[in-house]
Amino acid sequence: MNWFKYASPASFYPLAGKLIPYFAAITVVLLAIGLWISFFVAPTDFQQGEGYRIIFVHVPASWMSMFIYCVMAFWSALGLIFNTRLSGMMTQALAPTGALFAFLSLVTGSLWGKPMWGTWWVWDARLTSQLILFFLYLGYLALTSAIDDSRRRDKAGAILSLVGVVNVPIIYFSVIWWNTLHQGASVSMTKAPTMAHTMLMGMLIMALAFWGYTIAMGLKRVRCIILEREMSSEWIKKNAVE
Amino acid sequence: MQWNSFSDFIHMGGYGLYVWGSFGICALAMIIEPLILQSRNQKIRRQVKRQGGQP
């Protein structure tokens, strides 16, 4: 299979269209299972009572917000190196969803913080670096919407996302490097998770559902962007955008 | 299952507002984003059609 074939918007457009329903379906199924586990299978937490159930959306949203930024940086690097048009489009297609998840992470975190910590917000390293991530997304969106020429827009956006990606490891390790009010990771790559199996299961399934959602939204948006940018090109005039 | 009644479920052991607030805002966001995209998609497809393309 020739992957470079799909670096052209004309051939990626129909492929993305075909993939969307599958990711949408996977998302719906995983969300149903994940929500069922979140509310009916996972036990009550002995310290946090039922309030801990917020983690079933908070943790996946936070993970996605960091992960999407990394993917944007990846596409940006590809775009700068190979000068492919699709890379910039992919980066721009992911940014709004990433911003949304960063926002949801902050809001759900606040809703958890109020009953558990007694405050909606503290300027702790984890919370502050996550807020910076949200601002980086907003900055990216503002920058790219301010530039009319698509090549220059892609380039400027790529540089911003590559510079900003430094913040992602800072968020991830903030709970280790600083004394944060935010708890350390309950799930890490080096230790066994410190939570009940069904809780972990629920969280992972919700995270997968958010993945599916992100991919579906990203593909949907990249299709819009392709049409918007290539409207006057031959392949759209001539053949089926289906 | 840890719920004895529906009101128990809504109450969430005293955390109802926070838990449902969190899930609610996520649900809202994940319903609105696809709708916005849908309308963006329809708008651009209409434009493509107007200029003679076939979306």
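Condition check ((1) buried (at least 18 other Cβ atoms within 10 Å of the Cβ); (2) of a type in the set (S, T, N, Q)) across all residues:
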| site | (1), (2) |
| --- | --- |
| A:Phe135 | no, no |
| A:Leu141 | no, no |
| A:Asp154 | yes, no |
| A:Ser161 | yes, yes |
| A:Tyr172 | no, no |
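Could you grab me the full set of residues in the stretch B:19-38 that are under 8 Å from the mean Cα position of the chain (by Cα) and surrounded by fewer than 12 Cβ atoms within 10 Å (Cβ to Cβ)? B:Leu28, B:Ile31, B:Ile32 - these are the residues of the stretch B:19-38 that are under 8 Å from the mean Cα position of the chain (by Cα) and surrounded by fewer than 12 Cβ atoms within 10 Å (Cβ to Cβ). Residues that are more than 11 Å from chain B (Cβ to nearest Cβ) and farther than 19 Å from A:Trp211 by Cβ within the stretch A:13-38 comprise just one, A:Pro14.
Scanning the stretch A:39-85 for residues that are among the aromatic types (Phe, Trp, Tyr) and either under 23 Å from A:Ala209 (Cβ atoms) or away from every other protein chain (no Cβ under 14 Å) (or both) turns up A:Phe39, A:Phe40, A:Tyr52, A:Phe56, A:Trp63, A:Phe67, A:Tyr69, A:Phe74, A:Trp75, A:Phe82. Among A:Tyr172, A:Tyr140, which is the only one that is more than 15 Å from A:Gly98 (Cα to Cα) and either out of contact with any Phe, Trp or Tyr (no Cβ under 6 Å at 6 or more places or on another chain) or of a type in the set (S, T, N, Q) (or both)? Of the residues listed, the single one that is more than 15 Å from A:Gly98 (Cα to Cα) and either out of contact with any Phe, Trp or Tyr (no Cβ under 6 Å at 6 or more places or on another chain) or of a type in the set (S, T, N, Q) (or both) is A:Tyr172. Flag not set for A:Met89, criterion: buried (at least 23 other Cβ atoms within 10 Å of the Cβ), more than 12 Å from every other protein chain (Cβ to nearest Cβ), among the hydrophobic types (A, V, I, L, M, F, W, C) and touching a Leu at 6+ places or on another chain (Cβ under 7 Å). Return a yes/no flag: does the stretch A:22-45 have any residue that is assigned to a strand (DSSP E or B) and surrounded by fewer than 22 Cβ atoms within 10 Å (Cβ to Cβ). There is at least one residue in the stretch A:22-45 that is assigned to a strand (DSSP E or B) and surrounded by fewer than 22 Cβ atoms within 10 Å (Cβ to Cβ).
Checking the structure you have, find out if any residue of the stretch A:2-9 is assigned to a helix (DSSP H, G or I) and surrounded by 17 or more Cβ atoms within 10 Å (Cβ to Cβ). Scanning the stretch A:2-9 turns up at least one residue that is assigned to a helix (DSSP H, G or I) and surrounded by 17 or more Cβ atoms within 10 Å (Cβ to Cβ).
Restricting attention to the stretch A:221-237, the residues that are at pLDDT below 80 and facing chain B (nearest Cβ under 8 Å) total 3. Cβ separations smaller than 7 Å between residues 6+ apart or across chains give the following pairs from the stretch B:22-51 residues that are part of a helix (DSSP H, G or I) to residues that are of a type in the set (Phe, Trp, Tyr) and at pLDDT 95 or above: B:Met30/A:Tyr213.
The values are calculated or read from the model by the stated rules, or taken from the named source; none is laboratory data. Bear in mind that the values here come from a model prediction, so they are computed numbers and not experimental data. No Cβ is skipped: glycine too gets one built from the backbone with ideal geometry, and neighbour counts run over all protein chains shown.
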